[in-house]
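Here the structure is laid out as structure tokens; the discussion comes afterwards.
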Amino acid sequence: MLAEIILISLAFLLLVIELFFNKKMNTYNSLIHHTSWVGLIIVLLAIAYRVNKTQLMLGSYQLTPLNNLILIVLASSSLFTILMNRRYFETGGDNSSAMKHHAEYNISILLVTVGMFNVVCAQNLLHLFVGLELATIPLYFLAAFDTQKKSSSEAAFKYIILGSISTTLMLFGFSYIYGFAGGVQYQEILTAVQTNPNSPLLWVGVLFTLSAIGFKLSLFPFHFWTADVYHGAPSPTTAFLSVSSKTTGIILLVSLLSQVFTPIYSQLTPLIMLLAAATMLIGNLGALKQSHFRRFMGFSSIAQAGYLIFALTGPIESARESIVFYLLIYSVSNYGLFYLFSVIGKDRGEEFSSLRGLSKESPILAAMLSLCVFSLAGIPPVAGFIGKLMLFASAAESHHYFMIIFAAANSTIGLYYYLQLLKEAYITPANEPQIQLDFNLQDKFVLSVLALGILFIGIFPHWSQWVHQFALGFQ
Amino acid sequence: MIDSWLLTIIWVLPIVISLLTFAIPNKNHLKIKIIHALGSGFNLILAISLTIGFLSKMKDFTLDPKSTITHLEYQVNLSWFQSLNINYHIGVDALSVLMILLTAIIIFAGVFASWKMENQVKEFFVLLNILVSGVYGVFMSYDLFVFFLFYEVAVLPMYLLIGVWGSTNKEYSSMKLTLMLVGASSLLFAGILGLYFESGIQSFNLLALSQIQFNEQFQFWAFPALFIGFGVLGALFPFHTWSPDGHAAAPTAVSMLHAGVLMKLGGYGCLRVAMYLLPEGAEFWMPYVMILIAFNVGLGPLIAIKQKDLKYITAYSSVSHLGLVLMGLGSLSYIGLKGASLQMIAHGLLTGLMFCLIGMIYGRTHTRQVDEMGGLMKVIPFLGVAWIIAGLAGLGLPGLSGFVAEVTIFIGAFFNGGVIARVTTIVAILSVTTTAIYVLRAANTMLSGPLNEKFKDLQDADWTEKIPVIILVACLIGMGVFPGWITEILDSSIQPIFQNLQR
């Protein structure tokens, strides 16, 4: 419980700092920033040192090694967002001036993280719902944070309306499941599903819940909000959405499928396969024509969600394992790209054209770009390839070979638009000389950590072995 | 002790050399090039010592004629990703050794062929070395996953290499090449995962999988998936369309490496993976594949005749020669398989030499259009003679490497006995004539006739250019005159695959 307590305390500490310190102080932003990230490192350490499987809060909050790993992914995702947003609040990123209310932003991120922790570890539907609300409502106003841009408010507006509807659907689904099972604990519902898998009440509940999760994950046909929200929101929020929100959504799906709906899992396969195929296709086709970075990442994340869901067409154990492994890799690659664009886009704007001439100007940044791009596209020898392999292997275990050809072909389409980034950086000549890059020590450090992660998670098997062992030891 | 490290060093060394050059600022072109020349030279020495070591080991080894397991030397087998039973399993058999040697020769020549490169030299050689590492890795992997990993690594740098340092229409060509090759590997992906899960033993180990008889239903779709997946790289008609544009746009060393070695990965993969593991599928599908190959060998030279750009001529000649490789494979006969392996080596040397020379000629005349050049033999005799030797090897003149391979393939394919195979063989033999047309015509137009005034002052090859040309010509002639040692050790390689096909 220590990590969660530290997280909440950190949020309140920031609140106190914000109340009592003068915002006009030179070092105010630094103070908020450093407190946040040091605190998150402590949280990470606290999670990493937890080893035993425990059940807390009268059995509604379960910590297992696999859950701990996911919590580490979520916490590090918040850490990277906080590291990234400093630039936006101190000097201004994305070719606009500095945003205000740094402390509130960080507090919201931390509280969203607490919510996400609860979603992952929840063992009953009510706890899950509370955690989910905590995890999504702050995100609505985090998307509106950039008060200088109308697109930010528009994005938040779309997000809040569609998000609220999906929450309603989820609650509706939960109520049907409660009506069917007579209880909200996962265990109770599981027993009810085992005895009565064909009940219409159950299936209505499942379908409504799946729709709501589909919204969170931007699956087709619930993906329409993604591009606009990712585009309008300020970059740190987009980065956070693309990693943490996806992680929460997919882990929510996986834990429901593995702990509650296990007996009907194989019956859901055709539906999941359809969703995965459609999502992949929409994401990949949509990204083809993009030139604005955040919008592009929106479509790219839709496609990635498609690949993640695709693993769920295989047996649940290998699916869970490969999904967690891929999330590790996906978060590092995504953040690499977002962080890179926050550095490059500061005075040039976050468009593809800001990359021109990068290979000559800063070969290291261009190499980092290649690394992230290849990882997301799934090209060896970087980590993304192994991750995709494991996802597809999970599907192959259930002999869905033609779908694998389809998914791999989608990956090829994906390669086309990821290569556009490389094209801008390496091949297209810069027409006018680009503005100097502002590239400080923190950037170098964070980017190196991300680069090492991308390179080594794929090459050294320890990560996948840990995931494998944690997954095996899950029950 | 050295034995177990030798193979790993061979594929790691190019990457290490690239990392060494990171410290040197991009302005010191000469230093960077010297380091790379030394590095690839050292790699060549390692490859030669590997070949010699392999030959001496094979002397003590008697081949069991009924064995279906490939005999490997220098094996290393370490566990890598336990959850999917992926092992770092590398080793060499005869074919692998020869291909590794070929790669080392071509990249050594390639470094010298790129001596005049001036733009972003460091990045160019880094990417080239990553490419070479990938190629070495493919030839020595015996675990399907490692094989596929290196295969993809070998495709990865192509986009940047062609896109940044290429010429004619580079953006379009590089994107087309990359997307077609990666798209083909999506078929491979499914095929390899299928092999893993359908085998019953859940292993990626090539040797273990060769002993399993996969069921008919699986082989029915898996063989075309694997064969086409590899075939796209091996310029199988109608999936060869990436090749002419890609080779024309690529810089010299990249074309040499790509046409000379990378496209052999396609044939190698077909042989090693598709045919070795799925022999029943091979027997069923081969007649249909032979029809496609007939187009390859028949149409390739005809298209080449129409071309005016030297690089396009050579690219289409590659397509037809690789069609011969695939024809040898498709014959499903012992001699045919052997011929295919010989042709892989022979054509690699040949095409490496041709692209090398084209690069040098282009650097002087600044045109690749054959019509615009004439009478060059008077001013650049060294390069001219080398071009003629390359051309003659291309049309299969006895005494040069091409003849040995082509004759073997024709005999092997005819031996097969099926109607389609025999018709394809006849088409191929007739295509020797059409090959002669474009080879001799290109050489003639370019080298003889009246000398164009603006080419009066061209310099002949300097020492950095003579080295690769001499090495490649020597290998061409050497293989043509002394092919015996190659054909002998290939026995041990082809035998197990053929035995599997007999099943």
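Here, each number is a calculation from the coordinates, and none is a lab measurement. Computed from a prediction, not measured in an experiment: that's the story for all the values here. All Cβ positions, glycine included, derive from the backbone under ideal geometry; neighbour counts span all protein chains shown.
Prolate is the label for region A:180-259, because a/c, from the alpha-carbon gyration tensor with a ≥ b ≥ c as root eigenvalues, is 1.5 or above and a/b exceeds b/c.
Please go through region A:224-313 and write out the trypsin sites (Lys or Arg not before Pro) that DSSP classes as loop and that have at most 11 other C-beta atoms within 10 Å.
Details: sites: A:Lys246, A:Lys289, A:Arg294, A:Arg295; in loops: A:Lys289.
Passing both the DSSP loop test and the Cβ count: A:Lys289.
What number do you get for region A:212-368 when its Cα radius of gyration is normalised by 2.2 N^0.38 Å, N = residues? Present the calculation step by step, with values, prior to reporting the outcome.
Working: Rg = 16.7 Å, N = 157, 2.2 N^0.38 = 15.0 Å.
Rg over 2.2 N^0.38 Å, computed on Cα atoms: 1.11.
Considering only B:Gly234, B:Ile86, A:Thr64, and ranking their Cα positions along the charge dipole of the protein assembly as shown that arises from unit charges at the beta-carbon of Lys, Arg, Asp and Glu, the one farthest toward the positive end is B:Gly234.
Would you kindly work out the equivalent ellipsoid of the protein assembly as shown from its C-alpha gyration tensor and give its semi-axes, the square roots of five times the eigenvalues, largest first in whole Å? Please list the in-between numbers first.
Details: eigenvalues 576, 222, 107 Å².
Whole-Å semi-axes of the equivalent ellipsoid: 54, 33, 23.
Relative to the longest principal axis of the Cα atoms of chain A, helix A:401-422 runs at roughly 20 degrees.
Shape class of region B:250-335 from the alpha-carbon gyration tensor: oblate, with a/c at 1.5 or above and b/c at least as large as a/b. With the cut-off at 20 Å, tell me which of the pairs A:Lys24/A:Lys100; A:Lys346/A:Lys444; A:Lys149/A:Lys216; A:Lys289/A:Lys423; B:Lys33/B:Lys116 have Cα atoms farther apart than that. Those over the limit are A:Lys149/A:Lys216.
With the cut-off at 1.5 for a/c, could you classify region B:383-485 from its C-alpha gyration tensor as rounded, prolate or oblate? Intermediate values should be presented prior to the final figure.
Working: a/c = 4.53, a/b = 1.74, b/c = 2.61.
In terms of gyration-tensor shape, oblate.
Against chain A, whose longest principal axis comes from its Cα atoms, helix A:246-259 is set at around 10 degrees. The long axis of helix A:2-20 is offset from the longest Cα principal axis of chain A by roughly 40 degrees. The lysines within cross-link reach of A:Lys388, meaning a Cα-to-Cα straight distance under 21 Å and a gap of 8 or more places when in the same chain, are A:Lys246. The aspartates and glutamates whose alpha-carbon is closer than 13 Å to the alpha-carbon of B:Lys306, local same-chain residues fewer than 8 away aside, are B:Asp371.
Report the far tail of the P(r) of region B:202-291, meaning the percent of Cα-Cα pairs longer than 17 Å.
Values: 2155 of 4005 pairs.
Within region B:202-291, distances greater than 17 Å cover 54 percent of Cα pairs.
A straight Cα-to-Cα reach below 17 Å connects B:Lys264 with the aspartates and glutamates B:Asp93, B:Glu152, B:Glu406, residues fewer than 8 places away in its own chain not being considered.
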